[in-house]
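Engineer: I am attaching a structure below and will ask some questions about it afterwards.
Here, each number is a calculation from the coordinates, and none is a lab measurement. Remember, it's a predicted structure, so these values are computed and weren't measured experimentally. Note: ideal-geometry Cβ built from the backbone for every residue, glycine included; neighbour counts use all protein chains shown.
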Amino acid sequence: MVGSVWHNVVLSTFISVYVFLLSLTNNTPQHSLIRAIITLILAFLITYIFRRIITYIFETKTVSQQGEHKENVQENKEPVEHIEDQEENDEMNSTETAKHIRNLMNE
């Protein structure tokens, strides 16, 4: 998973202290503490879910890139006979094309 639990703890703690200090101006210290604890729990859960989503996105991207790489490797593994036949056809097509171009230039 991206990051660690310490990221969740540190971020949640900073957020809850901030909420506690802001809440002290309008509420009693006990009520502010309850709000800070609720904020700590919610912030921890939100950061945890966010980390899980980021990890899922990175894993999905990695798996899809590996799948594309395997498909490309399989496409490149053509039989040797097929490749030789294709080269002969390309040579015949190129000579025919050259003849047509010469005919057009002579006209």
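Engineer: At 7 Å along the Cα-to-beta-carbon direction for both Ile49 and Ser4, put a label point, then send me their distance in nm to one decimal.
Structural biologist: 2.6
Engineer: A follow-up question, please. With each pseudo-label sitting 7 Å past Cα toward Cβ, what's the Val63-Ile41 distance in nm, one decimal?
Structural biologist: Using points 7 Å along Cα→Cβ, the separation is 3.3 nm.
Engineer: Calculate, in nm to one decimal, what Thr95 and Thr13 gain on full extension: separation in residues at 0.36 nm each, minus their alpha carbon distance.
Structural biologist: Length difference between fully extended and current span is 21.9 nm.
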